[in-house]
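Taking it in order: structure first as structure tokens, then the write-up.
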Amino acid sequence: MKLYKISLALCLGLSTLTSCSDKLELTNPNQQTTGTFGNSAEDLEEAVIAAYNHIRMEGSYARVGYTIDLCRGDEVWNSSQQWYLPFDNLNVAFTDEITEWTWREWYYTINVCNYIQDRLGQDPSAFNEKERRILGQALFIRGLAYYNLAGYYQNPPLITDYDSYNSLDGLYASSSTYDDVFDQVESDFKDAMELLPSRDEGGEWAKGRATKGAAAGYYARALMQRHKYSEALTVLKDIIAQKYGKYELMKNYGDNFREGSQYENNAESLFEVQFLDYGTQGTDDEWTPVNTSANATQGSAIESNFGPGDFGGWADLSAAPWLYELFKAEKTTSGKLDPRLYWTIGTYETDWEGFEYGNVCYKSTIDDKNPVVTNNGNGGFPIAKWTNLRTGLYDKVVTGLHDGINLRMMRYADVLLRAAECENEVNGPTQQAIDWINQVRNRAELASLKLSDFNSKDKLFEQIANVERPKEFGCEFGRGFDLIRWGFFYNKDRMDQLVEHGYFFLSSKKSLLKTPLDDYVFTSRYVDKDGDSWEAKSSYDSYVPGHEFLPIPQKHLNANPNLDGNSANYDIDNTSYFTGNGWTVHPVVDLK
């Protein structure tokens, strides 16, 4: 380990050569530099905490870094018709200021991780357990950073050497390819798997930190992003077999979306972003990395984006009508609504009487005569997930970075459904894939699927992609990544399907929320069975090829002559990359 220690013998030797002095040399702890900090494992533990801190900022997961992916997915639309509109319309300009925030946050994170690796050295075989854990966490977080950067910006610069910052060539790094970045992501997650303890071995230390299970889960995600399904299946099977610690589905789906030590870092969670619970935070919102308030809130603002306007929220994002109808289409074995709907979308339903907190919205009772809309001017189904809309914790949205619910970034349910998808891609359709899906369905009290109902790999894929995953993970981060790896942007039939999924009402008329979408004809307007029409729009109508990714921010292109734009900067269709790798898009299959 490169910890620059001065030996006692050298100190004593030098003292005999100097005259006595009354001066006492002290290091100011508030003015530390790279020469005085990072020379011990204790220092690097603090650096690891700084890296974790960066993943809970505005541009990473505290707001826009999380919600931009929801916008490019088909489960959410921008009900404010402002703020996130270009991201929702998939045509954001390269001069848009918000596109830079996520770029900024993840490179801050990478810088800290590179520093940690530089100070530790490159040979972990000589490390003690503490040093292995430090490096493992740094590699996991760097892998997470590049996973997000490649998933958003396609070809960001790959910087893994802290010493490279010592030269202009290092500062002005060149663009890397999508494949080069994902090669590094896979390498970082794989190495982290070897260095980190399992959640069982880590004990109390593992709560809130990256573990073998977290690294393995994200390694499988990275492999799947480039259709390495066979390799990913092996990793996912190992997680299911408890090779990296014991994980299981929580009996109550809602326990994944509440704050408090009895719910957070639970048995289903492989990795989550830590936020301080409501009432334990400071008062100062730290929107950017330059804020250093000792009284920071340390919560997220996702609830502010989701929260209905009538209850103090910013009313920016709403659940797609398609997602709501998907939930309504299938009842539980006892004839009730899927309980996951309760925690995903804040609608009034008779089935919620006596269920959990009942028909409530921030402690207010709601009924069928006056359902809640997200945006007072544009309507929309309120998103309940990652908010306290259903928990009764407070009576209105506490806007800003105050939401204390930890974001469960990877749950065991995702392991099961990804294992089913990989099994289907490699061997499918098989009973094993069906069994893994049924574990997730049965938790929601839905009837088990039967292999005999799926006569092709394509049909089972349709069930996973457009039924099981949306209902389990609706309005959670990751749908945009899925649409890219599935190639939905590169196939006309799939794009037509996304257009249909993306339709939403542009009306605050609350009676529309009670009318089944089957009663409407989807064109440029909704036309109901009585002939009345309402303005309608689909986010995907305005999709510009290449804009499944965010453009490289123009300010960085101007500053760095070695940086190239990506497909979104130049409106380039990425179909040739997808098909050139030999990947195919599953055809649309009617599940009815």
CD proxy, 222 nm, the chain: helix-only mean residue ellipticity via -39,500 (n - 2.57) per DSSP H run with n ≥ 4, per residue, nearest 500, stands at -11500 deg cm²/dmol
Please report the antiparallel percentage of the DSSP beta bridges confined to the chain, to the nearest 5. 95
Got a number for the accessible area of SER269? Probe 1.4 Å, square angstrom, nearest 10. 10
Compute the semi-axes of the equivalent ellipsoid of the range 123-243, taking the square root of 5 times each eigenvalue of the Cα gyration tensor, and list them largest first in whole Å. 26, 20, 10
Taking Cα pairs under 8 Å and at least six residues apart, what relative contact order does the range 222-279 come out at, in percent? 22
Selection from THR211, PRO553, VAL112, by position along the positive dipole direction of the chain (Cβ): THR211
Under the Karplus relation with 6.51, -1.76 and 1.60 and θ = phi - 60°, whole-Hz ³J(HN,Hα) for the range 143-150, x at Gly and Pro, equal x, 4, 4, 6, 4, 6, 5, 5
Provide TYR218, TYR108 ordered by accessible surface of protein heavy atoms (probe 1.4 Å), highest first. TYR108, TYR218
Residue-level accessible surface for TRP83, protein heavy atoms, 1.4 Å, Å²: 100
Please list, by residue number, everything in the range 427-464 whose backbone N is under 19 Å from a paramagnetic label point 7 Å out along Cα→Cβ of ASP496. 458-459, 462-463
Between GLN242 and SER164, what is the spin-label point distance in nm, taking each point 7 Å from the Cα along the Cα→C-beta axis? 4.2
Sorted by chain and number, the residues with a modelled amide H under 5 Å from that of HIS227, at a separation of 5 or more or across chains, are none
Rounded to the nearest 20 debye, dipole of the chain from Cβ charges on Lys, Arg, Asp, Glu: 760
Loop-only check: which chymotrypsin sites (Phe, Trp or Tyr not before Pro) in the range 540-585 are DSSP coil with at most 16 other Cβ within 10 angstrom? TRP583
Probe radius 1.4 Å, ligands and nucleic acids left out: which of THR387, THR160 has the largest accessible area, and how do the rest follow? THR160, THR387
Quick query: amide H of ASN265 versus all other amide H atoms, modeled in the peptide plane; which residues come in under 5 Å with a sequence gap of 5 or more or a different chain? none
Note down the nm distance, to one decimal, between modelled labels 7 Å out along Cα→Cβ at ILE49 and at ASP284. 1.7
Karplus 3J(HN,Hα) series, Hz, for the range 574-580 with 6.51 cos²θ - 1.76 cosθ + 1.60 (x for Gly, Pro): 9, 4, 5, 5, 5, 6, x
Where only C-alpha atoms are counted, convex hull volume of the range 392-432 per residue in Å³: 126
Considering the dipole of the range 360-401 built from charges on the beta carbon (Lys and Arg +1, Asp and Glu -1) around the Cα centre, which of THR365, ASN388, GLY377 is farthest to its positive end? ASN388
State the answer as a single residue: which of CYS422, GLY404, THR344 lies farthest towards the positive end of the charge dipole of the range 343-436, with beta carbon charges of +1 for Lys and Arg and -1 for Asp and Glu, about the Cα centre. GLY404
Taking a ≥ b ≥ c as the square roots of the eigenvalues of the Cα gyration tensor, with a/c under 1.5 meaning rounded and otherwise prolate when a/b exceeds b/c and oblate if not, the range 245-340 is oblate
From most to least accessible, 1.4 Å probe, no ligand or DNA/RNA atoms counted, ASP179, ASP482 line up as ASP179, ASP482
Quick check: at a probe of 1.4 Å, how many percent of the accessible area of the chain sits on carbon and sulfur atoms? 48
Mind listing the long-range amide H neighbours of ILE345? Cut-off is under 5 Å, sequence gap 5 or more, other chains count too, H placed in the peptide plane at 1.01 Å from N. ALA384
If you stretched the chain out fully between LYS396 and SER230, how much longer would it get, using 0.36 nm times the residue separation minus the C-alpha to C-alpha distance? 55.0 nm
dims of the chain, Cα set, principal axes, largest to smallest, nearest Å -> 99, 51, 48
With x for Gly and Pro, the residue-by-residue ³J(HN,Hα) of the range 488-501, computed from phi through the Karplus equation 6.51 cos²θ - 1.76 cosθ + 1.60 at θ = phi - 60° and given in whole Hz, is 5, 7, 10, 9, 4, 5, 5, 5, 4, 5, 5, 4, 5, 5
Here the residues of the range 558-583 lying in the modelled label zone of ASP183, meaning backbone nitrogen under 17 Å from a point 7 Å along Cα-to-Cβ, are 581
Give me the dipole magnitude in Debye, nearest 20, for the range 216-349 about the Cα centre, with unit charges on the beta carbon: positive for Lys and Arg, negative for Asp and Glu. 820
So, relative contact order of the range 353-468 in percent, Cα under 8 Å, 6 or more apart, is 18
Over the range 98-159, what per residue volume does the convex hull of the Cα atoms give, in whole Å³? 75
Can you tell me how the range 188-254 classifies by the Cα gyration tensor, rounded, prolate or oblate, using a/c under 1.5 as the rounded cut? oblate
Across the range 447-503, how many lysine pairs, 8 or more positions apart or on different chains, have C-alpha atoms separated by under 19 Å? Please give the number. 4
Would you count, across the range 191-339, every pair of lysines whose alpha carbons are under 26 angstrom apart, provided the pair is eight or more residues apart or spans two chains? 19
Shape call for the range 368-441, from the Cα gyration tensor axes a ≥ b ≥ c (a/c under 1.5 means rounded, otherwise prolate when a/b beats b/c, else oblate), comes out prolate
Note to self: C-alpha centroids of the range 454-506 and the range 118-163 sit apart, in Å, by 32
Could you compute the FRET efficiency for ASP541 and ASP564, with r as their C-beta to C-beta distance and R0 at 45 Å, rounded to 0.05? 0.95
Relative contact order as a percentage, the chain, C-alpha pairs under 8 Å and 6+ apart, gives 18
Cα-based Rg of the range 129-181 normalised by 2.2 N^0.38 Å, two decimals: 1.29
Using a probe radius of 1.4 Å on heavy atoms only, what accessible surface per residue do you get for the chain? Whole Å² is fine. 40
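The values are calculated or read from the model by the stated rules, or taken from the named source; none is laboratory data. None of these values were measured; they are calculated from a predicted model. Glycine also receives a Cβ, built like all others from the backbone with ideal geometry; neighbour counts cover every protein chain displayed. The accessibility values were calculated without ligands, DNA or RNA, using every heavy atom of the protein model including side chains. Shrake-Rupley method; radii C 1.70, N 1.55, O 1.52, S 1.80 Å.
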